[in-house]
Each structure stands twice: as C-alpha cells, then as structure tokens.
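Take a look at the structure below.
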Amino acid sequence: MNRHDDGSAGDADYGMIGAVYNRYRQPEPRIGAMITTALGDARTVLNVGAGTGSYEPRDRVVTAVEPSASMRARRAPDLPPAIDAVAEALPFADRTFDAAMTTFSVHQWPDLERGLTEMRRVARGPVVVMTADPLVVEAFWLNEYAPQVLAVEARRYPAMDRIAAALGGTVDVIDVPIPLDCRDGFQEAYYGRPEMFLDPAARRACSAWSFVDATVVQRLDRVLSADLASGEWDRCHGWLRRQPEFAGSLRIVVGTPAPGKP
Ligand SMILES: C[S@@+](CC[C@H](N)C(=O)[O-])C[C@H]1O[C@@H](n2cnc3c(N)ncnc32)[C@H](O)[C@@H]1O
C-alpha cells in the first residue's frame, strides 16, 4: 500500500488537509446520537480511520486506528491516542471488540472489501459505517456550480450493496438527516449556507476538492459569487436557508453478524 509522507493511507493526503480539518469538521451531536444508537450496548469499540476523533463515543472504551500522523496529532487530549494502522490490516485478534465503527473514511480506502472484512473479523457485534450513497450525491445543488467535485464524490463513495456484501449478515441502511446548522462541514452540511463554499479553508476540509484543478474552483468562486450577489441562488434554492433538515446522501450502514457465526 502506498502511503503519503505523513502516513495517510487513503487516496487523500491528510498531511495537507489535517491543518484545517478540526476547524471545519467538528462532530455534529445529532448525527453522533444516531451512531451511538447504532453501536447498541457495545462497551468496547474500535474506530477505524478515526482522524481527530469525531463521533468517537466518550462513554465507551474506544480503540482508535488512524494512519495519518497529522490527524493523530490533532486528537483531543481527552481521547485515547490513535494506533498507526490501516483498515486493511487491523492489528487485533478476532472478535476483540464489542463493535467497530468508521465515519467518512471507507471511500478513501485502497481495498474496501478487505478493510470491511477486517472490521467484521475483529468485532463481535455491530459494524457501523457512516458514508454517503453515491447514487444521490450528484442531486445536490452544488452540482450546478462544481459538477467535477460531485463526480469525484460519486466515484469515490462505494455503493451501498458493495458495503452490505462485504459486511455480510444482516445489514440496515439508515438515512441521516442533516441539520441546517450542522457542525460537521461536509459538502451537504452547507445546503442552506452557500457562502461557505466560497471559503477556501472550508473547501480544503473536504478531501474531494483536492482532486479537482484550479479552474473548477475559479468557476465556482466566480459563478456562485455572482448568483449570490444577484439573488439568483436565493430565487432557485433560497428556501433551503430556512429548511431545518436536509435529506441528502448521508447514510449509516449497520452490519450485524448472522446468528451463530463465530
Ligand atoms: C474524512 S477523514 C474522517 C475522520 C473521522 N473519522 C471523522 O469522521 O472526522 C478520513 C480518515 O480516513 C483515514 N483513512 C484513509 N485511508 C485509510 C485506510 N486505508 N485505513 C484507515 N484509515 C484510513 C484518513 O487518514 C482520514 O483520517
């Protein structure tokens, strides 16, 4: 597996992204509550691609795995230090944890099936995957301004049935409503705050922007700024500024092992 200078093991370089990640990508408590529910009564939890620790439950015994040194260094002091490892080769014995989780990470893994099989192997109970459904990613209004970015997202996010097949057992796919004031600045989190897409650091905190060239960003800056100034964006989408929740592409996939499986 090729790793970037800071150890990043996915398709994005978190040595570059890590510096702004915490500022824009804080865990959203209402989404966190859904992850806590999905983890059930698990006492020991493995968090894979843990990053700076978003969505890591404070009331469980958590083991975190994170390949990027830059992200590991930015974990909150009250969280356990993360182990330098990758999803595809988890350094734990079979059935070590009650549950395993991963948020906003699977789309970056070089080998999705291997990573999810590893999570299934080391967890006795649920494997919880928060990700986006690639079939609906391009329905977001940002597609009118930067279609190349959402094409990158649609290409990177694995299909729901691919995740389900890799997890095996019983799989539930849960739609995650996005609140208007969502604290976690992924793309759709700004559905009612279009001005955020004009903030270069907010864009940098979403790895898809690192895969498009400068002309895409220049066009977005020019056209979205003009549409905001003229009122065109508000005429087409302005109701979103007052819509309390957005039903977008965000999903929580919960894999429960088949009964009787070792
Ligand atoms: C968008 S960040 C998400 C971090 C955190 N889970 C969150 O929700 O904020 C994606 C993380 O996945 C990690 N990652 C990428 N490829 C990985 C792999 N093969 N194994 C484990 N983690 C990986 C990256 O280093 C990065 O920290």
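Read-outs: derived from the displayed coordinates by stated rules, not from any lab. Nothing here was measured: the structure is a model prediction, and the numbers come from that model. Don't worry about glycine lacking a Cβ; one is built from the backbone with ideal geometry, like all the others, and counts go over all protein chains shown.
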Within the stretch 104-180, DSSP-loop GluC sites (Glu not before Pro) with at most 15 other C-beta atoms within 10 Å are none
Cα-centred dipole magnitude for the stretch 14-256, charges only on beta-carbon of K, R (+1) and D, E (-1), debye, nearest 20 | 420 debye
Cβ-derived FRET efficiency at R0 35 Å, Asp5 paired with Asp111, nearest 0.05 = 0.95
Electrostatic dipole magnitude of the stretch 1-122 [Cβ: Lys, Arg +1; Asp, Glu -1; Cα centre; debye, to 20] | 320 debye
Please report, largest first and rounded to whole Å, the three semi-axes of the ellipsoid equivalent to the stretch 14-256, where each semi-axis is the square root of five times an eigenvalue of the C-alpha gyration tensor.
-> 32, 18, 17
List every residue whose amide H lies under 5 Å from the amide H of Val62, counting only residues 5 or more places away in sequence or on a different chain, with H placed 1.01 Å from N in the peptide plane.
-> Val45
Farthest toward positive dipole pole in the chain [+1 Lys/Arg, -1 Asp/Glu at C-beta], among Thr36, Cys182, Leu116 = Thr36
Signed unit charges on C-beta, dipole axis of the chain, positive-most listed residue Ala226, Ile17, Pro257 | Pro257
FRET efficiency for Gln26 and Val136, using Cβ-Cβ distance with R0 set to 22 Å, rounded to 0.05 | 0.35
With N set to the residue count of the stretch 49-155, report its C-alpha Rg divided by 2.2 N^0.38 Å to two decimal places.
-> 1.19
By the DSSP-based rule, helices of the chain that are at least 20 Å long along the axis (C-alpha) and have a mean Kyte score of at least -1.0 are 214-230
